[in-house]
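The values are calculated or read from the model by the stated rules, or taken from the named source; none is laboratory data. The structure presented is a predicted model; accordingly, all values stated were derived computationally and were not measured. Because the Cβ atoms are built from the backbone with ideal geometry, glycine has one as well, and the counts that use them run over all protein chains shown. Surface accessibility is based on the protein's heavy atoms, side chains included, excluding ligands, DNA and RNA. Shrake-Rupley method; radii C 1.70, N 1.55, O 1.52, S 1.80 Å.
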Amino acid sequence: MMTKIKKNIVVFVLLALSVAGIVLSVYYYRSSIEQIEMKKFKESVRDHTKIRLENTSSYISDLVNDLRVTAEAIAEYDTIWDDEVHDILEMANRMDTFTFTSVVDSNGQGYSHIGTALNTADQEYFQTAMTGSVAFSEVRPSKALPGRYVQILACPIWGENHEVRGAVLGVLDLEHLNEAIRKKYMKTDGNLYIVDSNGNYIGIFQLDTDGGPYLNFWDDLEALSGIDRDISEIKEDFAQRREGDFSYSENGSNRYGCYMPIGTRNWQVVYTVEDSSVEETLDSIFQMDAKYTFFLSVCYLIWVVCVAWYFRKTNREITQAHMEVSNNIEILHIALEYSKQPIFEYDQTCGMLTLKTDFPNPLFQIGSESMTPESFVERGIIAPQSIRDFLKLFMEIQTHQSAQADVQINNGRDATWCRISLHNIYESKKIAGTVGFLEDITELKKMEQQSKRKLELQDALIAKALLVAKVDLDTECLLEMGGQELQIPYTEFLTDKILQRVPASDRGSVAKELALDNLRNKFQKGIDTIDFHFKMELQEDFKWVSCIGYCHPTMPSKMILIFKDIDRQKRKEIVLKQQAERDGLTGLYNAATTKRKVEEALAYGYLTDEKQVFILFDLDNYKKINDTFGHSCGDQVLVDVSQMMQKRFRSSDIIGRIGGDEFVVFLRNIRSYQYAESLIAELCEMMHKTYIKEGQSVTLSASVGVAWAPVDGRSYMELYQKADIALYQVKNASKNGYKHYEAHHAEEPQQSGK
């Protein structure tokens with residue numbers, strides 16, 4: 001009886017200890033989970049923040065580089081007033097980086113990509129650029145874009161003697177900049193701000209719905225509660241351009257923020273994120289813990305009984321297996337010590353990669369010692385072009401004994417390549433585990449790329465070329481031409497073989513572009529290939545030729561020049577461009593091009609407050625000419641009208657045919673509206689003409705409607721509608737005359753006509 005009681009007491013004690021152990025385990029489990037989740041959250045936010053801040057900084061630096069490239073292209077010309085400089089501005093503006101692109105000389109005089117004159121001599125950003133520094137203007141309201149703010153970026157143009165010859169200006173719409181950064185870099189888990197050293201907000205990329213308003217960064221910090229940093233310390237970091245972080249409470253939630261300098265006008269990028277995600281995770285875990293506590297208690301007791309029964313049976317097997325594993329581990333340690341090769345384990349069940357050695361490697365960066373393949377991709381460790389091969393590798397190892405892939409790693413600015421090898425370990429014909437090996441093959445990839453470039457260069461040399469020449473940049477001699485070895489001065493080759501066959505009007509620009517100093521300077525700036533197009537005499541006719549220049553990959557002092565006939569391709573491009581922009585009959589701008597160019601002129605005109613005039617007219621009795629003399633005669637009338645307008649108006653004015661006999665003339669930067677009125681009266685007189693054929697006559701004239709800009713409108717459609725109203729007032733009255741929109745009769749002249 002006593003023995004039975006003792007056994008019951010032992011069972012009761014064991015049961016009590018088991019329950020106590022379960023309670024302590026649950027408590028320890030909860031505490032450990034909270035600490036681990038908070039630690040991971042802090043590390044994740046810090047890593048993600050740095051990536052976002054670096055991406056934002058890189059994006060703004062790219063803006064400066066885009067403008068610097070334009071400045072370097074313009075610096076190749078003797079003056080900014082060269083016609084080709086205007087083409088460079090138009091090409092730069094099509095890159096959709098800046099709203100407007102302009103160029104000014106050392107006196108602040110210049111023009112925009114749409115031809116509008118500028119004077120920026122008294123502007124601070126221009127004066128700063130003339131000292132040789134890239135300058136940003138203060139943020140200012142936009143005249144062309146109501147309700148928006150712009151900033152002007154100025155980049156100096158350097159001359160040959162290292163003097164500043166002028167500046168390239170880029171007008172940057174801040175709303176466009178904010179949207180570009182938000183789409184390209186931001187996700188939906190935080191807010192990003194750009195702040196200057198005085199605490200003023202340059203850009204706010206807010207993704208939460210309950211923030212703001214935002215007045216000043218320092219004032220907003222003062223209003224926060226629970227901030228763990230002294231605000232004066234943060235200000236000192238901003239002044240000294242240092243990185244840092246802080247945490248605070250806002251609207252009942254805890255937030256974490258980081259900041260780092262951009263490198264532009266003492267700006268800082270600040271990123272904040274809410275840590276509610278970790279709190280939600282903990283709540284979910286704790287709820288699940290409460291539900292399964294009872295179940296775990298029962299399972300724990302069953303497990304104790306099973307272990308006691310099973311332990312004796314399996315003890316010998318476990319001991320033997322332990323000895324085998326120990327031997328294998330010892331062998332593996334010896335092999336690793338000699339090879340210094342990073343090794344990781346891949347668990348195919350949970351898809352987790354875990355680093356097993358401490359040797360340096362490019363793949364497992366700080367904070368990524370244990371992650372899934374998808375996590376490596378999400379954190380941007382794998383280069384975009386290698387993502388497909390990287391993920392495919394872990395799919396292949398599920399059905400193959402081994403798999404291998406070469407993957408490019410994002411490791412700073414240098415391209416790093418890693419060869420990843422996976423091998424399955426089998427037990428009883430089943431996969432027991434997967435081990436992976438890493439090999440840095442960056443140098444091997446560089447050699448492969450160099451070999452590829454050599455092959456591409458060889459292909460270019462044997463292509464159908466007019467002429468292939470090899471030049472020594474050190475001795476300035478021509479070494480080879482057309483497969484024949486030579487030793488003549490490069491200038492002699494350029495003069496005798498090239499310039500003598502170039503039209504006289506183009507020789508200056510071609511000589512400047514193909515001058516050895518110019519080519520050498522481009523190569524020294526990192527431009528490894530040049531491609532210059534010009535006209536050259538071939539088979540007793542001037543044709544378009546392309547000169548492609550390469551630096552030899554293994555001998556940087558040797559340059560290869562390849563001259564190719566691109567006449568058919570070039571002429572086709574010119575024809576296609578003209579066909580896209582021009583009316584097929586008259587050669588004037590078509591309707592779409594007219595509208596686009598007028599909108600561009602209007603937008604830039606508002607920045608300079610210049611006077612502009614929108615003229616809309618159609619031909620009176622034009623239908624009668626078609627009915628009386630035929631459509632061929634009618635077409636000739638339209639051609640005659642277009643030729644008269646092209647002779648009378650300036651090349652900077654916009655002339656377009658937007659309908660059958662409907663035309664638009666947009667006068668830019670005129671002296672006064674009265675002067676424009678005299679031009680319009682002259683236009684009516686030019687159009688008044690009688691056509692006689694076979695005893696029949698038709699008198700042609702023009703009904704003209706006029707709208708002043710910006711008085712009558714700030715867009716193409718506004719001006720068109722008002723000019724159209726005035727035109728039909730002339731039509732309904734007497735035809736053969738002009739009239740401007742009557743709403744401004746108290747300010748401007750109203751009507752004149754025959």
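Given the criteria basic (Lys, Arg), farther than 30 Å from residue 256 by Cβ and touching a helix residue (DSSP H, G or I) at 6+ places or on another chain (Cβ under 7 Å), does residue 148 qualify? If you could, list the steps in order and put the result at the bottom.
Working: basic (Lys, Arg): yes; farther than 30 Å from residue 256 by Cβ: yes; touching a helix residue (DSSP H, G or I) at 6+ places or on another chain (Cβ under 7 Å): yes.
So residue 148 fits the description; yes.
With (1) surrounded by 20 or more Cβ atoms within 10 Å (Cβ to Cβ); (2) touching a helix residue (DSSP H, G or I) at 6+ places or on another chain (Cβ under 9 Å); (3) closer than 29 Å to residue 594 by Cα as the list, and residue 154 as the residue in question, which single condition is left unmet?
(3)
Can you pull out the strands (runs of 3 or more DSSP E) entirely within the stretch 476-595 that have at least 1 residues that are crowded, with 17+ Cβ neighbours inside 10 Å? Quick ask: steps written out before the conclusion?
Values: elements: 477-481, 484-489, 529-538, 541-551, 558-565.
Once the strands (runs of 3 or more DSSP E) in the stretch 476-595 are filtered for at least 1 residues that are crowded, with 17+ Cβ neighbours inside 10 Å, what remains is 477-481, 529-538, 541-551, 558-565.
Just to check your reading of the model, which residue among 494, 479, 466, 473 is among the hydrophobic types (A, V, I, L, M, F, W, C), closer than 22 Å to residue 541 by Cβ and in contact with a strand residue (DSSP E or B) (Cβ under 8 Å, 6 or more places away or on another chain)? Give the steps one after another, and end with the answer.
Working: 494 fails: in contact with a strand residue (DSSP E or B) (Cβ under 8 Å, 6 or more places away or on another chain); 479 fails: closer than 22 Å to residue 541 by Cβ; 473 fails: closer than 22 Å to residue 541 by Cβ.
Being among the hydrophobic types (A, V, I, L, M, F, W, C), closer than 22 Å to residue 541 by Cβ and in contact with a strand residue (DSSP E or B) (Cβ under 8 Å, 6 or more places away or on another chain) holds for just one of 494, 479, 466, 473, which is 466.
Yes/no per residue for (1) modelled with pLDDT of 90 or more; (2) not aliphatic (A, V, I, L, M):
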site: 687; (1), (2): no, no
site: 694; (1), (2): no, yes
site: 701; (1), (2): yes, yes
site: 710; (1), (2): no, yes
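Checking the structure you have, find out if any residue of the stretch 157-166 is over 17 Å from residue 67 (Cα atoms), touching a residue at least 40 places away in the same chain (Cβ under 8 Å) and among the polar types (S, T, N, Q).
No; the residues of the stretch 157-166 include none that is over 17 Å from residue 67 (Cα atoms), touching a residue at least 40 places away in the same chain (Cβ under 8 Å) and among the polar types (S, T, N, Q).
State whether one or more residues within the stretch 638-661 are buried (at least 16 other Cβ atoms within 10 Å of the Cβ), under 23 Å from residue 726 (Cβ atoms), charged (D, E, K, R) and in contact with a Ser or Thr (Cβ under 8 Å, 6 or more places away or on another chain).
yes
Conditions first: (1) modelled with pLDDT under 75; (2) within 22 Å of residue 273 (Cβ to Cβ). Residue 220 passes all but one, so which condition is the exception?
Of the numbered conditions (1) modelled with pLDDT under 75; (2) within 22 Å of residue 273 (Cβ to Cβ), the odd one out for residue 220 is (1).
Give the number of residues within the stretch 124-135 that are open to solvent by 20 Å² or more (accessible area, probe 1.4 Å) and touching a helix residue (DSSP H, G or I) at 6+ places or on another chain (Cβ under 9 Å).
Just the residues of the stretch 124-135 that are open to solvent by 20 Å² or more (accessible area, probe 1.4 Å), to begin with: 124, 127-128, 130-134.
This time we only want the ones that are touching a helix residue (DSSP H, G or I) at 6+ places or on another chain (Cβ under 9 Å), so: 134.
Number satisfying all stated conditions: 1.
Of (1) at pLDDT 80 or above; (2) in contact with a strand residue (DSSP E or B) (Cβ under 9 Å, 6 or more places away or on another chain), residue 199 satisfies all except one. Which?
Only one criterion is unmet by residue 199, namely (2).
Among (1) under 25 Å from residue 608 (Cα atoms); (2) crowded, with 16+ Cβ neighbours inside 10 Å; (3) of a type outside the set (A, V, I, L, M); (4) at pLDDT 90 or above, where does residue 740 come up short?
All conditions are met except number (4).
Return a yes/no flag: does the stretch 450-469 have any residue that is touching a Leu at 6+ places or on another chain (Cβ under 7 Å) and either surrounded by 15 or more Cβ atoms within 10 Å (Cβ to Cβ) or modelled with pLDDT under 85 (or both). Steps first, please.
Kept after step one, since they are touching a Leu at 6+ places or on another chain (Cβ under 7 Å), are these residues of the stretch 450-469: 468-469.
Narrowing further to those that are either surrounded by 15 or more Cβ atoms within 10 Å (Cβ to Cβ) or modelled with pLDDT under 85 (or both): 468-469.
Within the stretch 450-469 (the criterion being touching a Leu at 6+ places or on another chain (Cβ under 7 Å) and either surrounded by 15 or more Cβ atoms within 10 Å (Cβ to Cβ) or modelled with pLDDT under 85 (or both)), the answer is yes, since at least one residue qualifies.
Could you tell me which residue of the stretch 502-545 is farthest from residue 465 (Cα to Cα), considering only residues that are β-branched (Val, Ile, Thr) and within 34 Å of the chain's Cα centre (by Cα)?
Kept after step one, since they are β-branched (Val, Ile, Thr), are these residues of the stretch 502-545: 502, 510, 527, 529-530, 545.
When the remaining residues are screened for being within 34 Å of the chain's Cα centre (by Cα), the result is 510, 527, 529-530, 545.
Details: 510: 19, 527: 22, 529: 17, 530: 16, 545: 10 Å.
Taking the candidates together, the pick is 527.
For residue 394, all conditions in the list (1) of a type outside the set (D, E, K, R); (2) modelled with pLDDT of 85 or more; (3) surrounded by 12 or more Cβ atoms within 10 Å (Cβ to Cβ); (4) farther than 16 Å from residue 435 by Cβ hold save one; what is the number of the exception?
Just one mismatch for residue 394, condition (4).
How many residues, within the stretch 86-102, are crowded, with 22+ Cβ neighbours inside 10 Å and out of contact with any Ser or Thr (no Cβ under 8 Å at 6 or more places or on another chain)?
Qualifying residue count for the region: 1.
If you check residue 492 against the conditions, is it more than 41 Å from the chain's Cα centre (by Cα), modelled with pLDDT of 85 or more and acidic (Asp, Glu)? Write out each step before concluding.
On the way: more than 41 Å from the chain's Cα centre (by Cα): yes; modelled with pLDDT of 85 or more: yes; acidic (Asp, Glu): yes.
Answer is yes for this residue.
If you scan the stretch 341-355, which residues turn out to be in contact (Cβ under 8 Å) with a residue 60 or more places away in the chain and either open to solvent by 40 Å² or more (accessible area, probe 1.4 Å) or of a type in the set (Asp, Glu) (or both)? If you could, list the steps in order and put the result at the bottom.
Taking the stretch 341-355 and keeping what is in contact (Cβ under 8 Å) with a residue 60 or more places away in the chain, we get 341-348, 353.
Listed by number, the residues that qualify are 341, 345, 347, 348.
Please find, within the stretch 70-82, the residue that is surrounded by the fewest Cβ atoms within 10 Å (Cβ to Cβ) out of those that are among the hydrophobic types (A, V, I, L, M, F, W, C) and either in contact with a strand residue (DSSP E or B) (Cβ under 6 Å, 6 or more places away or on another chain) or part of a strand (DSSP E or B) (or both). Break it down stepwise before answering.
Quick first cut of the stretch 70-82, residues among the hydrophobic types (A, V, I, L, M, F, W, C) only: 71, 73-75, 80-81.
Within this subset, residues satisfying the condition of being either in contact with a strand residue (DSSP E or B) (Cβ under 6 Å, 6 or more places away or on another chain) or part of a strand (DSSP E or B) (or both) are 71, 74-75, 80.
Values: 71: 22, 74: 23, 75: 17, 80: 24.
By that ranking, first place goes to 75.
From 702, 726, 707, which residue is touching a Gly at 6+ places or on another chain (Cβ under 7 Å) and over 29 Å from residue 117 (Cα atoms)? Show your work before the answer.
Details: 702 fails: touching a Gly at 6+ places or on another chain (Cβ under 7 Å); 707 fails: over 29 Å from residue 117 (Cα atoms).
Every option except 726 fails the conditions.
Just name the residue that is surrounded by the fewest Cβ atoms within 10 Å (Cβ to Cβ) out of those in the stretch 628-637 that are over 14 Å from residue 584 (Cα atoms) and not polar (S, T, N, Q). Break it down into steps so the answer makes sense when it comes.
Filtering the stretch 628-637 down to residues over 14 Å from residue 584 (Cα atoms) leaves 628-634, 637.
Adding the requirement that they be not polar (S, T, N, Q) leaves 629-631, 633-634, 637.
Numbers: 629: 19, 630: 12, 631: 10, 633: 14, 634: 20, 637: 20.
Filtering first and then ranking leaves 631.
Would you please name the residue that is nearest to residue 728 (Cα to Cα), looking only at residues in the stretch 671-712 that are assigned to a strand (DSSP E or B) and free of Cβ contacts under 8 Å to residues at least 60 places away in the same chain?
Only one residue fits best here, namely 689.
Given the residues 242, 265, which is the only one that is under 29 Å from the mean Cα position of the chain (by Cα), open to solvent by 20 Å² or more (accessible area, probe 1.4 Å), at pLDDT 85 or above and within 27 Å of residue 155 (Cα to Cα)?
Numbers: 265 fails: at pLDDT 85 or above.
Residue meeting the stated conditions: 242.
Can you give me the number of residues within the stretch 403-434 that are surrounded by fewer than 16 Cβ atoms within 10 Å (Cβ to Cβ), of a type in the set (A, V, I, L, M, F, W, C) and over 30 Å from the mean Cα position of the chain (by Cα)?
Of the residues in the stretch 403-434, 3 are surrounded by fewer than 16 Cβ atoms within 10 Å (Cβ to Cβ), of a type in the set (A, V, I, L, M, F, W, C) and over 30 Å from the mean Cα position of the chain (by Cα).
If residue 116 satisfies all but one of (1) open to solvent by less than 50 Å² (accessible area, probe 1.4 Å); (2) under 25 Å from residue 710 (Cβ atoms); (3) out of contact with any Asp or Glu (no Cβ under 8 Å at 6 or more places or on another chain), what's the number of the condition it fails?
Status for residue 116: all satisfied but (3).
Based on this model, can you work out whether residue 51 counts as at pLDDT 70 or above and under 30 Å from residue 371 (Cβ atoms)? Steps first, answer last, please.
Working: at pLDDT 70 or above: yes; under 30 Å from residue 371 (Cβ atoms): yes.
Answer is yes for this residue.
Answer yes or no: is there a residue in the stretch 547-557 that is polar (S, T, N, Q) and either touching a Lys or Arg at 6+ places or on another chain (Cβ under 8 Å) or modelled with pLDDT of 85 or more (or both).
Within the stretch 547-557, the subset polar (S, T, N, Q) is 554, 557.
Pick out the ones that are also either touching a Lys or Arg at 6+ places or on another chain (Cβ under 8 Å) or modelled with pLDDT of 85 or more (or both) and you get 554.
Scanning the stretch 547-557 turns up at least one residue that is polar (S, T, N, Q) and either touching a Lys or Arg at 6+ places or on another chain (Cβ under 8 Å) or modelled with pLDDT of 85 or more (or both).
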